[in-house]
Structures are given as structure tokens and as C-alpha cells.
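A.B. asks: Supplied in C-alpha cells, the structure appears directly below.
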Amino acid sequence: SADVLHALMRNIRSCGRSTKQVPLLTVAYDLLELVASDSEHASTLADSRDCLNIIVEHMQMFRDRPSLLESAVNVVLALCENSNAHLGRKVMGRIESLMEII
């Protein structure tokens, strides 16, 4: 449900760079990737408040941790393929800036 996804995104946002939180984030992104890969549920995730912003924040925060960066990128790609997700100009600008850094 949308409430569950919102709660998950809120918890993901609260995670920092601590090594202890990496396993939790890995599992969370695995779950997000499963949801984003399902065309029936991807739109609910994409429409979840601040979903794409949170994922892009983590892409920037974890750009030096390839596995988490890859998981975040995979979620964004799956959302674009399986939902009506529209990457706004601001989100695209942030992604393009990250690409230049990486």
C-alpha cells in the first residue's frame, strides 16, 4: 500500500553513511527494486511522496559505495520502465551532476 511504501521511504531517508546501516539499505533497495520491477506496483512507488528525491539523495550520498549506488540506479531505471514516473527537471539535473562526478 502507499502508506507502507511511504513508511519505507521515510526509514530509508533516515539512514546515514554508517557501515552498520549498509546491510539495512541493501535489503531496502532490493525490496524497492522488486516493487519497481512490477508494473502493477511501480506507479504506487513512483507516486510515493519524495520517492525519487530520496533515491537521488542516496545516489549522491553513496556514490563511493558502488553496490548501493547501483541498487539506487536500478530502482530509478525500473521505475522509469514500469510506471508513469516522470523525472522532473530538478531530479534529472541532480542525476546529470552526479554522472559528471562519478
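What follows is calculated from the coordinates using simple rules that are stated; it is not laboratory data. Bear in mind that the values here come from a model prediction, so they are computed numbers and not experimental data. Please note: Cβ atoms are built from the backbone with ideal geometry, for glycine as well, and neighbour counts cover all protein chains shown.
A.B. asks: Once you keep just the Cα pairs under 8 angstrom separated by 6 or more residues, what percentage relative contact order results for the chain?
C.D. replies: Taking the mean separation of contacting Cα pairs over the length of the chain, I get 31 percent.
A.B. asks: Quick check on region 53-102: take the gyration tensor over C-alpha atoms, sort the square-rooted eigenvalues as a ≥ b ≥ c, and tell me if it's rounded (a/c under 1.5), prolate or oblate.
C.D. replies: Cα axes put region 53-102 in the oblate bin.
A.B. asks: Further question on the same structure: Given a Förster distance of 41 Å, report the FRET efficiency between residue 2 and residue 101 from their Cβ-Cβ distance, rounded to the nearest 0.05.
C.D. replies: E(calc), rounded to 0.05, equals 0.80.
A.B. asks: Let me ask another. Taking the Cα atoms of the chain, report the difference between the largest and smallest coordinate on each principal axis, in whole Å and largest first.
C.D. replies: Cα extents, longest axis first: 32, 30, 19 Å.
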